[in-house]
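The structure appears right after this line, and notes come after that.
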Amino acid sequence: MALASERHNPKLDDDVEARPERWLLSYSDLVTTLMVLFLALYAIQLAKYHELEIKLLEASRSVKNDKAPAAVATLSPPGSPTSGAPLASKTELLSLLKVLRDKGQINIDEQTGGVEIGINAKVLFRPGDAHLLPDSTDVLDQVAAALKDYSTHNILVEGHTDSTPISNAKYESNWELSSARAGAVVRFFVDKGIEPHRLAAIGRSDNIPLMIGDDAVARAANRRVTILVQY
């Protein structure tokens with residue numbers, strides 16, 4: 001008769017079979033812990049990088065703000081005040097332009113966004129032509145000098161015609177004529193030393209009349225070139 005200790009115990013077999021799988025649980029716990037650790041380190045590093053990026057952006061903005069006064073100073077005309085320069089420049093510009101206005105050579109319209117200078121086309125061009133008259137240089141010289149010395153802002157030059165249709169060998173319509181006249185004034189300003197990047201030429205044809213009507217007086221008033229100095 002066999003001894004009780006020699007009898008087969010099924011539980012021992014289950015323990016033996018389970019032992020090789022227990023290390024997997026410990027290993028998976030270790031891997032999970034390492035993954036959490038690396039994720040935490042990555043999050044910390046990402047936060048530090050984001051903080052550094054913000055500091056660099058703030059430093060860049062600070063440098064730009066520090067350089068701004070120097071840029072304004074270099075654009076200011078000689079002898080003009082450095083503090084409140086835009087206001088002082090506009091005052092000087094209006095003062096010079098009013099001299100021309102009092103002589104009847106130009107019109108001035110102070111607007112919210114700038115100053116508009118109007119010059120009648122008969123002072124600048126022959127009828128149906130976009131070449132500047134020799135006598136026009138006197139007025140344009142004074143306007144160009146004022147714009148060069150007392151303004152650093154953009155200048156929009158617009159050509160306007162009357163409502164009478166035009167069609168000749170040079171210009172098929174008032175669009176081409178008004179654009180060519182605006183371009184002629186812009187080229188004159190560039191030749192006088194005004195920075196080209198400040199200038200733009202636009203042809204308005206007869207779409208923005210100064211005076212409503214189709215009589216001779218209205219047509220004469222509507223043929224003009226306007227110079228908008230933006231502020």
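Brief remarks follow.
- The single residue among Leu140, Leu132, Leu147 that is assigned by TED's automatic domain parsing to the domain that holds Leu100, within 20 Å of Gly104 (Cα to Cα) and assigned to a loop (DSSP other than H, G, I, E, B) turns out to be Leu132.
- Restricting the first member to region 157-168 and to residues that are not assigned by TED's automatic domain parsing to the domain that holds Val225, and the second to residues that are surrounded by 23 or more Cβ atoms within 10 Å (Cβ to Cβ), no beta-carbon pair is closer than 7 Å while six or more apart or on different chains.
- Here Asn174 meets each of (1) at pLDDT 95 or above; (2) in contact with a Phe, Trp or Tyr (Cβ under 9 Å, 6 or more places away or on another chain) with one exception, condition (2).
- Residues of region 101-158 satisfying the condition of being closer than 17 Å to Ala200 by Cβ, of a type in the set (Asp, Glu) and out of contact with any Asp or Glu (no Cβ under 7 Å at 6 or more places or on another chain): Glu158
- Residue match in region 165-181 (condition: over 19 Å from Arg219 (Cα atoms) and under 24 Å from the mean Cα position of the chain (by Cα)): no
- Note on region 180-229: residues that are surrounded by fewer than 21 Cβ atoms within 10 Å (Cβ to Cβ) and of a type in the set (S, T, N, Q) amount to 2.
- Test for Asp138: is it of a type outside the set (A, V, I, L, M, F, W, C) and farther than 27 Å from Val99 by Cα: no
- Subset tally (residues that are part of a loop (DSSP other than H, G, I, E, B) and either under 26 Å from Leu100 (Cα atoms) or not assigned by TED's automatic domain parsing to the domain that holds Val217 (or both)) for region 169-201: 4
- Failed item, numbered, when Leu96 is tested on (1) modelled with pLDDT of 80 or more; (2) not in a helix (DSSP H, G or I): (2)
- Output for region 126-138, where each listed residue is surrounded by 17 or more Cβ atoms within 10 Å (Cβ to Cβ) and within 14 Å of Phe189 (Cα to Cα): Leu132, Ser136
The values are calculated or read from the model by the stated rules, or taken from the named source; none is laboratory data. Only a predicted model underlies this, so the values are computations on that prediction, with no experimental measurement involved. Every residue, glycine among them, receives a Cβ derived from its backbone with ideal geometry; neighbour counts consider all protein chains shown.
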